[in-house]
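Asker: One structure is given below, represented as structure tokens, and several questions about it will come after.
The values are calculated or read from the model by the stated rules, or taken from the named source; none is laboratory data. For clarity, every value in this text was computed on a predicted model and none was experimentally measured. Please note: Cβ atoms are built from the backbone with ideal geometry, for glycine as well, and neighbour counts cover all protein chains shown.
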Amino acid sequence: MSDASHDNLFDVAVIGGGLAGLSLAIQMADQGARAIVFEKQTYPFHKVCGEYVSMESWDFLKRLGLPLDTWELPRITRLNISSASGNTLSRELPLGGFGVSRHRLDHALAELARTRGVTVLESCRVDDVSYVEDYLTIETGLGTFRARVVAGAFGKRSNLDRKLKRQYQATVHAPEVNYVGVKYHVEADIPPDLIELHSFRDGYCGISRIEEGKSCMCYLTAAHNLREFRGNIRKMEENVLAQNPFLSEYFHKNRFLFPEPVTVSQVRIGSKPAVDNHIMMIGDAAGFVAPLSGNGMSMALRSAYLLSGPLQEFLDGRINRMQLEHQHATMWRRHFGMRIRFSRYLQRILGRECLTETAISALNLFPFAVKPMVRMTHGRPF
Ligand SMILES: Cc1cc2nc3c(=O)[nH]c(=O)nc-3n(C[C@H](O)[C@H](O)[C@H](O)COP(=O)(O)OP(=O)(O)OC[C@H]3O[C@@H](n4cnc5c(N)ncnc54)[C@H](O)[C@@H]3O)c2cc1C
């Protein structure tokens, strides 16, 4: 395949086959659109993620066609937080969540997309997108494609950010920090209804159950922690994370199921334009929320849900491209702008030892303050 022929012409092209991209493609195919997804990796694959999915997206995933009820997934309804010194806070989670690995979830969605008629191209990286005569041209390792509309669902960090010269929208009050994410699957002695969040110097680690009795242990740390140990993850874990007595115990007692952790670097929390180069951005590609809010996956799914309506109107000729782009940018700001800003403040608190100590003591004294904070980071079921 080299040139865009009729076979390479689609109504909707989606760059990135994660939760946002696959769920959008399924919805559009269900509405009769010719949809294609480009994913640079090969399913199934692991991804750095805490794998706690807020219940707000349970119904949506089931409506898409995932038989979640039959997967026997742990339902998570309680949260324990600890500071680096071992000071703790325990709370019920008003809505709660469920645990499932990305290895399983993304793969199942990709399979579902195929059964609905979506063309899913794996091991296919998109290198460039350009807008010519009201169509978008997509350059990939497997050839050139054209589409009436392109959704950017390529996650928080992609070659396309640089190619398209995308800008982070930094907030004055929360300076940019680069983070590193690390994930393991472990066998751990943790109740299925509990998620734990253990903080350490300039970072925090979540642990909760996923399928088949396994647990996901995943942390985010400021990149300078890793630089201090010259990129040696084990040394950083021994010297920084293990200062927290809970994490020390986990690192000694858990059975680690991967030979090496899954990692991601150069993670930044904040927003990027929701529409860039006529590409409609969804999920992390439009804004990355601090993982401690436990909600990036639901935001990705919700953004795909919210875009599907206007996209269909555009394909039906009921709105033009300018109206589509305007509606999408407005939707993004209204639904997610505040959540991302608030999550950055939370990130600053839980990322710093002394602030975490103070916050845990204060929240133990004023427990009623926890619920509104959880509400600020979560949405209603959709
Ligand atoms: C440490 C950490 C812990 C987290 N914990 C949680 C949690 O417990 N709960 C929660 O809800 N969220 C959590 N998140 C956030 C969550 O992982 C993301 O918000 C979610 O994955 C976003 O989904 P997405 O579809 O937008 O992007 P992704 O899932 O990242 O998918 C993007 C896809 O695009 C592909 N891609 C990129 N560039 C290209 C290209 N040029 N061509 C083709 N394909 C491309 C990638 O391979 C990838 O598969 C966590 C994140 C981190 C870093």
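Asker: Please specify each residue of the stretch 38-57 satisfying the condition of being surrounded by fewer than 23 Cβ atoms within 10 Å (Cβ to Cβ) and not hydroxyl-bearing (Ser, Thr, Tyr).
Answerer: The answer is Lys40, Gln41, Pro44, Phe45, His46, Lys47, Val48, Met55, Glu56.
Asker: Here is a further query. Give just the number: which of (1) assigned to a strand (DSSP E or B); (2) hydrophobic (A, V, I, L, M, F, W, C); (3) within 12 Å of the ligand (Cβ to nearest atom) does Phe10 not satisfy?
Answerer: It fails just one condition, (3).
Asker: Oh, and also: Suppose the filter is within 10 Å of the ligand (Cβ to nearest atom) and more than 15 Å from Tyr184 (Cβ to Cβ); does Met280 pass it?
Answerer: Spelling it out, it is not the case that Met280 is within 10 Å of the ligand (Cβ to nearest atom) and more than 15 Å from Tyr184 (Cβ to Cβ).
Asker: Then there's this: Please indicate, with yes or no, whether at least one residue in the stretch 90-109 is surrounded by 13 or more Cβ atoms within 10 Å (Cβ to Cβ), in a strand (DSSP E or B) and more than 14 Å from the ligand (Cβ to nearest atom).
Answerer: Scanning the stretch 90-109, I find at least one residue that is surrounded by 13 or more Cβ atoms within 10 Å (Cβ to Cβ), in a strand (DSSP E or B) and more than 14 Å from the ligand (Cβ to nearest atom), so the answer is yes.
Asker: Considering only the stretch 21-41, state which residues are away from the ligand (no atom under 14 Å from the Cβ) and under 15 Å from Ser123 (Cα atoms).
Answerer: Matches in the stretch 21-41: none.
Asker: Could you list, ordered by first residue, the pairs with Cβ atoms under 6 Å in which the first is in the stretch 261-279 and in a strand (DSSP E or B) and the second is small (Gly, Ala, Ser) and surrounded by fewer than 19 Cβ atoms within 10 Å (Cβ to Cβ), at least 6 apart or interchain?
Answerer: Val275/Ala329
Asker: For the stretch 130-163, which positions are assigned to a loop (DSSP other than H, G, I, E, B), within 28 Å of Asp316 (Cβ to Cβ) and not charged (D, E, K, R)?
Answerer: Hits for the stretch 130-163 are Ala153, Phe154.
Asker: Considering Gly86, Gly50, which residue is of a type in the set (Gly, Ala, Ser) and within 21 Å of Arg380 (Cα to Cα)?
Answerer: Of Gly86, Gly50, the one residue that is of a type in the set (Gly, Ala, Ser) and within 21 Å of Arg380 (Cα to Cα) is Gly50.
Asker: Right, another one. Just one of Val132, Val126, Val150, Val120 is under 30 Å from Gly32 (Cα atoms) and more than 21 Å from the chain's Cα centre (by Cα); which is it? Write out each step before concluding.
Answerer: Details: Val126 fails: more than 21 Å from the chain's Cα centre (by Cα); Val150 fails: more than 21 Å from the chain's Cα centre (by Cα); Val120 fails: more than 21 Å from the chain's Cα centre (by Cα).
After ruling out the rest, the residue left standing is Val132.
Asker: I've got another one for you. Of all the residues that make up the stretch 203-242, how many are farther than 28 Å from Phe98 by Cβ, away from the ligand (no atom under 14 Å from the Cβ) and surrounded by 18 or more Cβ atoms within 10 Å (Cβ to Cβ)?
Answerer: First, pick out the residues of the stretch 203-242 that are farther than 28 Å from Phe98 by Cβ: 222-236, 238-240, 242.
Restricting the remaining residues to those that are away from the ligand (no atom under 14 Å from the Cβ) gives 224, 227-232, 234-236, 238-240, 242.
This time we only want the ones that are surrounded by 18 or more Cβ atoms within 10 Å (Cβ to Cβ), so: 236, 240.
Adding up the residues that qualify gives 2.
Asker: Taking Gly18, is it of a type in the set (Gly, Ala, Ser), more than 15 Å from the ligand (Cβ to nearest atom) and modelled with pLDDT of 95 or more?
Answerer: When the stated conditions are applied, Gly18 does not pass them.
Asker: How many residues does the stretch 76-89 hold that are assigned to a strand (DSSP E or B), surrounded by fewer than 15 Cβ atoms within 10 Å (Cβ to Cβ) and touching a Phe, Trp or Tyr at 6+ places or on another chain (Cβ under 8 Å)?
Answerer: 0
Asker: Before we move on, is Leu306 under 29 Å from Leu105 (Cβ atoms), out of contact with any Gly (no Cβ under 6 Å at 6 or more places or on another chain) and crowded, with 22+ Cβ neighbours inside 10 Å?
Answerer: For Leu306, the condition - under 29 Å from Leu105 (Cβ atoms), out of contact with any Gly (no Cβ under 6 Å at 6 or more places or on another chain) and crowded, with 22+ Cβ neighbours inside 10 Å - is not met.
Asker: Take the residues of the stretch 178-199 that are surrounded by fewer than 17 Cβ atoms within 10 Å (Cβ to Cβ) and at pLDDT below 95: which is nearest to the ligand (Cβ to nearest atom)?
Answerer: So, considering only residues that are surrounded by fewer than 17 Cβ atoms within 10 Å (Cβ to Cβ) and at pLDDT below 95, the one nearest to the ligand (Cβ to nearest atom) is Asn178.
Asker: Here's something else I'd like to know. Scan the stretch 256-276 for residues that are among the polar types (S, T, N, Q) and either buried (at least 16 other Cβ atoms within 10 Å of the Cβ) or within 18 Å of Arg334 (Cα to Cα) (or both) and jot them down.
Answerer: Correct list: Ser271 only.
Asker: For the stretch 277-295, give me each residue that is of a type outside the set (A, V, I, L, M, F, W, C), buried (at least 19 other Cβ atoms within 10 Å of the Cβ) and modelled with pLDDT of 95 or more.
Answerer: Gly283, Asp284
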